[in-house]
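Visitor: My questions all concern the structure below.
The values are calculated or read from the model by the stated rules, or taken from the named source; none is laboratory data. This one's a predicted model, so the numbers in the text were calculated from it and none came from an experiment. Cβ placement follows ideal geometry from the backbone for every residue including glycine, while neighbour counts extend to all protein chains displayed.
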Amino acid sequence: MPERASLPETTDASRRLEKTFDPASFERRWYALWEAEGRFQPSGPASSPRFVMVIPPPNVTGRLHIGHALGRTLEDVLARWKRMQGYRVLWVPGTDHAGIATQMVIERKLASEGVDRRTLGREAFVERVWAWKREAKDTIQNQMKRLGCSLDWTRERFTLDPDLSRAVRRAFVQLYGEGLIYRGRYVVNWCPRCGTAVSDLEVVHKEVNGKLYQIRYDVSGLRSGAVVATTRPETMLGDTALAIHPDDPRTAKLRGKTAILPIVGRELPIIEDPILVDRAFGTGIVKVTPAHDANDFASGQRHGLAAVVVIGPDARMTKEAGPDYEGLDRFEARKKVLERLAAENRLVATEDHRYALGHCQRCDTIIEPYLSTQWFVKIKPLAEPAIRAVERGDVVFVPESWAKTYFAWMENIHDWCISRQLWWGHRIPAFHCDNGHITVSEETPSACATCGSGRLEQDPDVLDTWFSSQLWPFSVFGWPEETTDLKVFYPTDVLVTGYDILFFWVARMIMAGLHFTGKAPFHTVHLHGLVRVGGEKMSKTKGNVIDPLEAIDEFGADAVRFALAAAAATGPNVSLEKQRLAGSRAFATKLWNASRFALGQFEEERPAGSPEGRRLELPDRWILSRLSAAAGEVSRKLALFRFDEAAQAIYSFVWHELCDGYIEMVKPRLSGSGGQPASREAARETLARCLTDSLALLHPFMPFVTEEIWEKVVGRAGTLIVSGFPRERPEWTDARAQRSVEALRALVTRVRNYRGERSASPTEPVDLTIDRASSEVETLADLTELAPLLSHLARLSSLSFEPPPEGSTRDVVAGIGVGLSLSRPASSADRSRVAKTLSELDEEIRSLAVKLRNPSFLDRAPAAVVEKTRRRLVELEQRRAALASAGA
RNA sequence: GGGAGGUUAGCUCAGCGGUAGAGCGCCUGUUUUACACGCAGGUGGUCAGAGGUUCGAUCCCUCUACCUCCCACCA
């Protein structure tokens with residue numbers, strides 16, 4: 001820790017703080033200063049440990065929401081905490097091009113201008129997106145700056161930057177060469193509105209109320225025909241078989257026969273497929289539509305069935321569906337097919353059926369299983385090492401329970417469809433020649449690698465956004481080049497993100513990191529919850545959206561950060577309400593006012609904040625002991641990612657111990673009237689130390705206000721960010737001072753609530769006696785020393801150390817027998833309050849006595865517990881006796 | 001259909017084998033010269049229900065009820 005006393009003053013700032021706390025008046029100034037002085041860049045000797053994080057790059061779709069603010073706050077708390085501890089901290093900023101999401105935003109914008117992207121053309125459209133991106137990036141950057149994020153802006157990256165695009169091509173080419181990327185015709189998830197394939201993860205399953213239709217197909221030589229069940233009758237136009245289970249006696253008579261597809265008239269073989277057919281479901285007969293159902297497609301492959309595409313990429317029926325249906329929307333076609341079936345008396349039954357239907361994550365359109373040629377990543381070989389890395393503990397999840405979710409997904413992972421029929425994104429580095437060959441290459445080839453043809457066209461598709469995101473922890477450092485940054489800063493340390501992108505991003509980064517660099521991209525993943533307001537998801541329709549910038553304007557960035565950190569418990573929800581923000585602002589105000597008070601004491605001469613070597617009094621020793629404990633607590637909790645508990649620890653130290661306790665105790669000493677100059681100096685030094693250490697402990701959470709106050713207290717502008725982080729100090733730990741001062745505080749509280757019990761005003765004189773015989777020698781000695789302070793805080797009219805006089809209210813407080821009295825007799829109301837306390841005591845005494853009479857308890861409970869129970873019983877009995885003697 | 005998590009003070013949430021906690025709210029008092037975004041005191045909980053393990057359970061186990069979320073190709 002730097003020696004504050006020896007620091008030269010670099011500014012001539014006034015030592016006063018404005019009377020009103022106005023965060024807006026200094027926040028931007030401090031950010032600009034930190035940035036100008038390069039505080040966000042890694043610095044310090046190369047030998048110091050480093051701490052590296054990459055930001056989860058926000059989408060350039062618009063602006064950040066409060067959930068981003070949560071994640072970035074937690075990261076910044078870590079970054080600032082580590083930086084103050086002397087780490088070389090690097091936190092890399094950047095944004096994600098977010099292919100499908102951003103393209104949608106621009107399409108919507110164009111639509112509002114009455115323009116379709118197709119009329120604009122690919123090149124012009126992409127240019128429009130770039131223009132949007134530049135604006136969105138600035139907005140996002142500003143938001144993070146307002147929040148105070150100590151990101152190294154000199155290293156800002158974007159997933160479509162040339163070097164990151166290069167990394168994408170390298171990754172693709174390498175995987176292709178390894179046989180881990182393949183191209184093929186399969187049934188994929190297709191969004192008819194977006195006009196692209198999407199991955200399994202981008203399909204959101206929702207329960208819908210639908211119908212299950214039973215349709216009778218004619219079967220040659222079988223009068224009864226075959227009844228099949230389907231939720232999607234329109235797809236029957238593309239049926240190319242019926243399937244039965246080989247072991248199902250109900251359908252055995254269909255074996256080897258041929259069915260006739262209603263409406264169309266096509267002959268359908270009846271196949272036996274134990275994988276496709278579940279004997280327990282429906283009629284045991286399944287219509288097989290290889291072009292419009294992934295399972296049917298697989299079955300079709302097994303049995304060599306044709307795939308007839310009857311629904312096109314726009315979700316309208318194709319020519320194959322027949323002239324009656326061609327051009328109809330899939331749902332209109334369904335209606336029409338049902339009418340026709342009903343007319344032909346083939347619709348055997350229609351029943352309500354609830355089932356899960358896939359919807360597009362982006363636009364909520366019902367996803368269509370669609371047969372098309374796409375690119376895929378063969379994922380199992382990548383998943384296996386990633387599973388092992390977590391099993392081995394090379395990557396740790398916090399909270400650890402997420403590992404289970406991770407394993408469950410990874411162990412059942414399916415190949416990843418990575419091609420998207422979009423315009424915004426990384427073009428797939430595959431080139432088709434006019435002979436139908438494919439050349440995969442990082443650079444645009446001049447000739448086909450197979451036939452040498454010079455007529456090549458690049459594949460029109462782009463890659464799934466997450467294909468580039470998965471490379472982020474190393475592509476930002478220049479991979480595949482072996483850059484210095486890559487060597488120095490990779491692998492990173494901690495990744496902080498919401499659990500909602502565990503599969504989309506975190507799992508894929510682990511896979512990619514291991515595969516391409518041989519190292520896990522980080523050793524710890526902290527998954528935080530999602531922000532809820534009043535237990536509800538934020539949504540514009542509910543009107544409970546908290547916009548981070550608005551919140552910062554209203555409460556100050558520090559309050560927003562503190563509230564977020566304090567709310568970040570371990571659960572899946574982070575509950576945030578306006579009142580919490582207000583509470584955090586109140587805390588910042590409290591700190592501000594306490595600092596104003598302290599600075600008022602420092603006017604003539606700035607204390608060095610070095611209480612060491614002074615003759616410290618009990619309250620000084622108490623608060624330093626508490627300060628040390630708080631410092632230890634904050635670091636311990638941060639190390640566990642318990643931001644809420646760390647925030648709580650510093651909050652309660654500053655507010656309830658430093659402000660409510662210590663400052664009130666030392667006011668008389670500081671005012672000059674109440675003490676010797678040496679005593680005053682001890683108090684000033686202690687107060688200065690508590691204040692500066694509190695500022696430092698709080699800085700990761702509230703960087704702006706702490707820096708603002710620090711400048712006034714310490715006299716150096718903008719240096720708190722790089723000052724030391726307070727440590728636990730065993731030499732300050734003082735159990736005796738803690739015991740004695742806490743006894744003092746308990747006595748003060750007892751006197752105050754005695755006034756309440758007796759309906760006395762806060763100024764009504766109270767006499768307090770402390771029974772010498774009741775107390776430990778040490779505490780008694782300390783209380784004797786603290787007597788003037790006790791009288792002052794409790795506003796006693798007299799304090800004496802003797803047995804309580806007749807007629808006083810007796811009690812035992814912190815093990816000390818006391819007598820309390822007012823100059824007037826107790827009323828009956830007063831007495832009934834005592835009676836209530838007595839009956840509560842009796843209750844507890846009885847239960848403890850029962851416990852202590854139980855031989856099993858005495859036998860089996862640990863001796864310490866038994867002893868503790870005994871002591872507790874004695875205490876209660878003393879207290880009861882004391883109260884009863886007065887109540888009588 | 002699998003899996004995970006939850007049910008603790010009026011609200012939002014911590015705690016998790018040995019006397020129930022915080023913030024906010026509420027009540028009472030209070031312009032004590034840092035702060036009314038304050039100070040002081042107080043009210044408020046059969047820790048979802050039922051069993052079990054234990055000397056002892058809010059905390060561990062089982063079941064039940066209700067709620068959340070994730071995963072899933074049952075036509």
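Visitor: Which condition number does A:R255 fail, the rest of (1) within 9 Å of RNA strand B (Cβ to nearest atom); (2) surrounded by fewer than 17 Cβ atoms within 10 Å (Cβ to Cβ) being met?
Guide: (1)
Visitor: Continuing with this model, one more query. Which helices (runs of 4 or more DSSP H) does region A:114-212 wholly contain that include 3 or more residues that are without any contact (Cβ under 8 Å) to a residue 60 or more places away in the chain and at negative phi?
Guide: A:117-120, A:122-147
Visitor: Same structure again: Restricting attention to helices (runs of 4 or more DSSP H) lying wholly within region A:584-703, give those where 1 or more residues are under 24 Å from the mean Cα position of the chain (by Cα) and more than 10 Å from RNA strand B (Cβ to nearest atom).
Guide: A:618-639, A:643-652, A:677-698
Visitor: Here's a follow-up. Can you spot a residue in region A:128-137 that is modelled with pLDDT under 95 and under 30 Å from A:T719 (Cα atoms)?
Guide: The answer is yes, given that some residue of region A:128-137 is modelled with pLDDT under 95 and under 30 Å from A:T719 (Cα atoms).
Visitor: Please go through region A:787-834 and give me each residue that is of a type in the set (D, E, K, R) and farther than 17 Å from A:A773 by Cβ, ordered by number.
Guide: A:R795, A:R824, A:D830, A:R831, A:R833
Visitor: Any chance you could count how many residues in region A:572-583 are under 23 Å from A:L640 (Cβ atoms) and either in a helix (DSSP H, G or I) or acidic (D, E) (or both)?
Guide: Number of matching residues: 1.
Visitor: Looking only at region A:479-509, count every residue that is surrounded by fewer than 21 Cβ atoms within 10 Å (Cβ to Cβ) and away from RNA strand B (no atom under 13 Å from the Cβ) and tell me the total.
Guide: Count: 12.
Visitor: Search region A:682-704 for residues that are within 14 Å of A:I721 (Cβ to Cβ) and pair each with any residue that is among the polar types (S, T, N, Q) and assigned to a helix (DSSP H, G or I) when their beta-carbon atoms are under 7 Å apart and the residues are at least 6 apart or on different chains.
Guide: A:L695/A:T706; A:L698/A:T706; A:H699/A:T706
Visitor: In the list A:S791, A:S761, A:S797, A:S775, which residue meets the criterion of being without any contact (Cβ under 8 Å) to a residue 60 or more places away in the chain, surrounded by 19 or more Cβ atoms within 10 Å (Cβ to Cβ) and of a type in the set (G, A, S)?
Guide: Just one listed residue meets the conditions, A:S775.
Visitor: Ok, one more. For A:V545, only one of the following conditions fails: (1) within 30 Å of A:S679 (Cβ to Cβ); (2) more than 16 Å from RNA strand B (Cβ to nearest atom); (3) among the β-branched types (V, I, T). What is its number?
Guide: (1)
Visitor: Quick check, is A:L786 surrounded by 17 or more Cβ atoms within 10 Å (Cβ to Cβ) and in contact with a Phe, Trp or Tyr (Cβ under 6 Å, 6 or more places away or on another chain)?
Guide: no
Visitor: Of all residues in region A:242-290, how many are of a type in the set (A, V, I, L, M) and in a loop (DSSP other than H, G, I, E, B)?
Guide: Final tally of qualifying residues: 7.
Visitor: If you don't mind, there's one more thing I want to ask. Only residues in region A:95-107 that are under 14 Å from A:F125 (Cα atoms) count as the first member; pair them with residues that are among the hydroxyl-bearing types (S, T, Y), Cβ under 7 angstrom, at least 6 apart or cross-chain, and list the lot.
Guide: Sorted first by the residue in region A:95-107, then by its partner, the pairs are A:G99/A:T465; A:I100/A:T196; A:I100/A:T465; A:T102/A:T61; A:V105/A:T61.
Visitor: A further question follows. Within region A:409-424, can you find the residues that are surrounded by fewer than 17 Cβ atoms within 10 Å (Cβ to Cβ) and outside any loop (DSSP other than H, G, I, E, B)?
Guide: If the condition is that a residue be surrounded by fewer than 17 Cβ atoms within 10 Å (Cβ to Cβ) and outside any loop (DSSP other than H, G, I, E, B), then A:W409, A:E411 are the ones that fit.
Visitor: Tell me yes or no: at least one residue of region A:360-368 is in contact with a Phe, Trp or Tyr (Cβ under 9 Å, 6 or more places away or on another chain), within 25 Å of A:D461 (Cα to Cα) and surrounded by fewer than 15 Cβ atoms within 10 Å (Cβ to Cβ).
Guide: Within region A:360-368, not a single residue is in contact with a Phe, Trp or Tyr (Cβ under 9 Å, 6 or more places away or on another chain), within 25 Å of A:D461 (Cα to Cα) and surrounded by fewer than 15 Cβ atoms within 10 Å (Cβ to Cβ).
Visitor: Against the definition (free of Cβ contacts under 8 Å to residues at least 24 places away in the same chain and not hydroxyl-bearing (S, T, Y)), how does A:A430 come out, yes or no?
Guide: Against the criterion (free of Cβ contacts under 8 Å to residues at least 24 places away in the same chain and not hydroxyl-bearing (S, T, Y)), A:A430 does not qualify.
Visitor: So which of A:A294, A:A321, A:A226, A:A280 is modelled with pLDDT of 90 or more and either within 12 Å of RNA strand B (Cβ to nearest atom) or closer than 30 Å to A:R420 by Cβ (or both)?
Guide: Residue meeting the stated conditions: A:A294.
Visitor: So, one more: Looking at A:G67, A:G44, A:G62 in this structure, which one is surrounded by 13 or more Cβ atoms within 10 Å (Cβ to Cβ), out of contact with any helix residue (DSSP H, G or I) (no Cβ under 8 Å at 6 or more places or on another chain), modelled with pLDDT under 95 and under 27 Å from A:K133 (Cβ atoms)?
Guide: Only one candidate passes the filter, namely A:G67.
Visitor: So, in region A:574-625, how many residues would count as being among the hydroxyl-bearing types (S, T, Y), within 20 Å of A:P726 (Cα to Cα) and at pLDDT 95 or above?
Guide: 2
Visitor: Could you list all residues from region A:102-113 that are in a helix (DSSP H, G or I) and either surrounded by fewer than 18 Cβ atoms within 10 Å (Cβ to Cβ) or modelled with pLDDT under 90 (or both)?
Guide: A:R108, A:K109, A:L110, A:A111, A:S112 - these are the residues of region A:102-113 that are in a helix (DSSP H, G or I) and either surrounded by fewer than 18 Cβ atoms within 10 Å (Cβ to Cβ) or modelled with pLDDT under 90 (or both).
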